[in-house]
Structures are given as structure tokens and as C-alpha cells.
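**Student:** Please see the structure below; I have some questions.
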Amino acid sequence: MFGIKEKINDDSLYMLNDMVENQVINSKKELSELSPDNEERIEFLTTQIKNYETELERFKASIEKQLKERFQFSIEELYAMYGQYENKYISIEFHKFSESASKFGRNIAGVIIYQKKEREELEKALSEETVPRTNAMVKLDCSKNEKLSDEQKAQLLKNGFKSGDVYEVLASNMPLVKSYNQAGKKEIPNTMDIKFDSRDMDINHTYLYLFSQRIKNGGKLIAEEWAKFCGIGINFEPSSADSEIMKIVAFDEEGNLKPLVRFYELEAKFYSKNISKEEIAEFNTFLKQRREIRTEQIRKEIKRSTNKTLEKFQEEYPEIYSEIQKSIIQFDTETLYYHDTVKPIYWNYESYLHIYLRHCDELEIEGHFEDKTKFQYNQKDIRRILKIAIENLKDKINERLTLGKEFRIWDDKALYFNGNHYSIHILKDGRVASFHPMENPKE
């Protein structure tokens, strides 16, 4: 402007333009307030406004012409510099006259996001000898940006902005971490290990307190948790069996205590060390029945996964078989997430077998599913990854469950977290049917 030849990558490109625009606004305001007899000032301001507006129009035309000839940021460059790194928060300034600036304002901030296919295509593009430069749409998660409306945030998340509209990008100097397509075991980000001695903890009182608090706060329990809540309650206060809630939940239509409630009552007695010899025998009968049911579930899953009999599997994979045997005793059906969901999201033993036998690297087996994708986390961390996935997807899960439909995402709609895309299937009653990563880790 004013004899200065501007370039689209100049520092402070729009500073003088903004100053002149403000001057025009102020001059027009002053002009509107002047007395008609102040002819000299009127003539000065009129001429000034005309000259300034001519410069502003010329400046705008120059910028638009340069951007048509060459834009500053391609989708490949934004991915290479920022998008490929985990949760890289960036601040973006758009070119002043761009479509993106008119839609979202000149400055926005957030994290660039990609669908599975988009990320794969960009990784491939960066590996080419000559990297292409594409002016295309880039999606941004701006959920933490208070200046944007909900509609603008949704539009940026769904459709995005054109990369060629970007004038400048600012980012912190935090260490760059890329987890996508990386080999080896991973750790869950931002994990803090807290040592906790549970030897003196009363597990029965803990369960009773947690379930009571959830009910008090309006949360829901699944059938298994209601049975445990009632069973433990009867153990501590036998008279509670006469309460209205117990009559509804703990007893059948004939007034008999439901078997599952009795099982948890006996388990509570066992942990409290106030169980009689007769009750121990009854408890062992329950445990034997559960072992038989779960062993049959194992048999079916191994047949589907390996086409082997349980006996043959035990012979060929003794260590894995031993690990599975432990799970028969140790695994409890549980709610994984219930905050802000129409139904508690839970998993049972069938869910556990399906997820771990097919996709846990430490339980890797040959057969129909030997080439199935494997979790890049230790066995103990898979449950946490599943809970994180549910929490991140809770709004979408709610939409489906509210309609009485199951929830499922896979392929290009898969959830991205810490370098992996995840497929998840939740039945309409809230049970997790399957969960696994979409990529196999590199060797």
C-alpha cells in the first residue's frame, strides 16, 4: 500500500491495511458530524477517504491475485508440520479476504483432525519423492474456543476450512510426539501411577458405597450390579430384604431370592469371613456352575477364532490357556461408563473373550484370526483404552441408544486415539460386543 509492494507471506501483512480501514471509518464518522459550512475540512476528508479506499481496493485485488497464483499452506504441509503429531494445538490466522475469515473470523485455534483414509493418504503423499501441494479442506476441533458459536464449531469439525486460506500458523514449542503408524508397545498418554495398598480395604463396603452413591446421584446400575448391591446389602443387614427396593429387585415373582443375588450374598459372606460350612458348599456350587458356563463360552470363542477344540488349544497354548482360566474366576461383569449416557455401557465375559482372544498381543493365537489387528498396549491397559473410547464417543453412542439402536463405528469413521483408529460395536442394551484397533503395528 502507498507504494509498498506487498507479498502474501510478508510479516504484518495486514497491519497497515487494518490501520487505514480504521482511519476511513473514523473519517466517515467525523464527516457525518461536520457542519455544512466547514467546507475546507469536508473537502479534505472526502479526498482522503477516496484515496484511502482506492488503496484498500488495490491492496485487496493484489492479495487475491497472488493467492490465486500460489497459496501458502497445502493440506500436506499442515499435516507434516502439525497434523501428524498427537493433539498438537495450533492457532490459525486466515487471510483477511478469504472465505474462511468471513465464516469463522480471522483467528481460530484447535487441533487438526483426520479420518482414517485421510491420514493414510497424507502419509502416502509425504513418502513420495515429490510431495504434492493440495489446496483442500482441513477439519479442526475447536471445542475449547469460546469465541466461536456451536454452529461454527460443528461446521469446522464436519467440513473444515480451506488450507489455502491460511496466512499464518502459531504453535507451542512442546515436544513433538507422533504415535500414528509407530511400532512397539505404547503407554497411555498422561498416565500417572499412584501406589495404593488395598490389603486393608473392605471390598464389600467399597462396592456398597460406590453403588449407593451412583444411585443417589441418579446413575443406573446394570442387572449384575443390582444383584451385587442387593446381595452385599443383605449380608450386612438381613432385615433390608424386607425393603421395597429389595422386593422389586432381589426377589422373583414367587418371593424367592434370585440366584444371582444369593451368589453375591454368599461371596460377600466369604470375603467377610462369616460364612458357614453349609454356605461354603452352596457357594462352591455357584462357582462350579459359573465355571461350566464360562468354559463353554471359551470353547465357542476358541472354535470361532482357531477352529481348534478346547483340549487341543490347552495342549498347544498352555500359558494362554492358564491365563484364560484365571479370568474365569477374576472377571466381573461391570459398567465401564455411565456418566451422561442413557444406559450404562458395560462388558461381560463374552465381551472380554471376544476382545482379548482376538486382539490382545499377549494372548496371540494362530488360526482364523491370527492376522487380526492387535492392541499396542499391555493387557492391563486395554480396559482403560476401551473406557477412553467410550467417553470420547458418548454423545454419538447416546444418539443411537436413545433411538433403541445399536452403535457401531469402523473404517473411515473409526475413533482416533494416540496413533490408532479403533472400531467399536455396542449393542442397544449398552453391552460392548467388540472393540479393536484398525491397524496392525509395524514390525
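The values are calculated or read from the model by the stated rules, or taken from the named source; none is laboratory data. Keep in mind that what you see is a predicted model, and the values were worked out from it rather than measured. Note: ideal-geometry Cβ built from the backbone for every residue, glycine included; neighbour counts use all protein chains shown. These accessible areas exclude ligands, DNA and RNA; they are computed on the full protein's heavy atoms, side chains included. Shrake-Rupley method; radii C 1.70, N 1.55, O 1.52, S 1.80 Å.
**Student:** Against the empirical 2.2 N^0.38 Å scaling, what ratio does the C-alpha Rg of the stretch 12-69 come to? Don't skip to the end; give the middle numbers.
**Tutor:** Working: Rg = 14.2 Å, N = 58, 2.2 N^0.38 = 10.3 Å.
Taking the Cα Rg and dividing by 2.2 N^0.38 Å, one obtains 1.38.
**Student:** Check cross-link reach from residue 7 to the lysines: straight Cα distance under 16 Å, and skip same-chain residues fewer than eight apart.
**Tutor:** Reachable lysines: 60, 65, 68, 96.
**Student:** Then there is this: Indicate, rounded to the nearest 5 percent, the antiparallel portion of the DSSP beta bridges found entirely in the chain.
**Tutor:** Around 95 percent antiparallel, to the nearest 5.
**Student:** Based on DSSP H runs of at least 4 residues, each adding -39500 (n - 2.57), what is the mean residue ellipticity at 222 nm of the chain after dividing by all its residues, to the nearest 500 deg cm²/dmol? If you can, show how the numbers build up before the last one.
**Tutor:** Values: 16 runs with 212 residues, N = 443.
Result for the chain, helices only: -15000 deg cm²/dmol.
**Student:** Just want the answer: with Cβ charges of +1 for Lys and Arg and -1 for Asp and Glu, which residue in 63, 44, 19 is farthest toward the dipole's positive end in the stretch 12-69?
**Tutor:** 63
**Student:** Determine the per residue accessible area of the chain with all protein chains present and a 1.4 angstrom probe, expressed in square angstrom. Walk me through the numbers before you get to the answer.
**Tutor:** Numbers: 26240 Å² over 443 residues.
Solvent-accessible surface per residue comes out at 59 Å².
**Student:** Now for a separate question. Which ³J(HN,Hα) values, rounded to whole Hz and listed in residue order, are derived for the stretch 284-301 from phi using the Karplus coefficients 6.51, -1.76 and 1.60 in 6.51 cos²θ - 1.76 cosθ + 1.60 with θ = phi - 60°, glycine and proline given as x?
**Tutor:** 4, 5, 4, 5, 5, 4, 5, 4, 5, 5, 6, 5, 5, 5, 4, 4, 5, 5
**Student:** List the residues whose amide H sits under 5 Å from the amide H of residue 416, counting only those 5 or more places along or on another chain, with H placed 1.01 Å from N in the peptide plane.
**Tutor:** 422
**Student:** Ok, one more. Dividing the convex hull volume of the alpha carbon atoms of the stretch 62-133 by its residue count, what do you get in Å³ per residue?
**Tutor:** On the way: hull volume 7.3 nm³, N = 72.
In the stretch 62-133, the Cα convex hull volume per residue is 102 Å³.
**Student:** Give me the number: length gained by fully extending residue 311 to residue 53, i.e. 0.36 nm times residue separation minus the C-alpha to C-alpha distance, one decimal in nm.
**Tutor:** Details: separation 258, 0.36 × 258 = 92.88 nm, distance 8.68 nm.
Additional length available on full extension: 84.2 nm.
**Student:** Where does the Debye-calculated log10 I(q)/I(0) of the chain sit at q = 0.12 Å⁻¹, using only Cα point scatterers of equal weight, no solvent?
**Tutor:** -1.12
**Student:** Please check: in the Gaussian network model of the chain (C-alpha springs, under 10 Å), which one of 292, 278, 187 has the largest mean-square fluctuation.
**Tutor:** 278
**Student:** Carbon-plus-sulfur fraction of the accessible area of the chain, 1.4 Å probe, in percent?
**Tutor:** Working: 13130 of 26240 Å².
Its accessible area is 50 percent carbon and sulfur atoms.
**Student:** Continuing with this model, one more query. Quick one: of 162/405; 153/380; 216/247, which pairs are farther than 29 Å apart, Cα to Cα? Before the final figure, lay out the partial values.
**Tutor:** Values: 162/405 35 Å; 153/380 36 Å; 216/247 19 Å.
Distance filter (> 29 Å) returns 162/405; 153/380.
**Student:** Packing-wise, with mean Cβ within 10 Å as the measure, how do 93-101, 12-20 rank, highest first? Before the final figure, lay out the partial values.
**Tutor:** Numbers: 93-101: 19.1, 12-20: 14.3.
So the order, starting with the most tightly packed, is 93-101, 12-20.
**Student:** Give the relative contact order (percent, whole number) for the chain; include only Cα pairs under 8 Å separated by 6+ residues. Each step should come with its number before you reach the end.
**Tutor:** On the way: 561 pairs, mean separation 56.2, N = 443.
It rounds to 13 percent for the chain.
**Student:** Can you tell me, using C-alpha contacts under 8 Å and at least 6 residues apart, the relative contact order of the stretch 64-198 as a whole percent? Mind showing how you got there, number by number?
**Tutor:** Values: 178 pairs, mean separation 45.9, N = 135.
Taking the mean separation of contacting Cα pairs over the length of the stretch 64-198, I get 34 percent.
**Student:** State to the nearest 20 debye the size of the charge dipole of the chain about its Cα centre, where the only charges are +1 on K and R beta carbons and -1 on D and E beta carbons. Before the final figure, lay out each step's value.
**Tutor:** Values: 69 positive and 79 negative charges, 179 e Å.
Computed charge dipole of the chain: roughly 860 debye.
**Student:** May I pose another question? Using Cα-Cα distances under 8 Å and only pairs 6 or more residues apart, what relative contact order does the stretch 267-391 have, in percent?
**Tutor:** Details: 92 pairs, mean separation 25.0, N = 125.
Relative contact order here is 20 percent.
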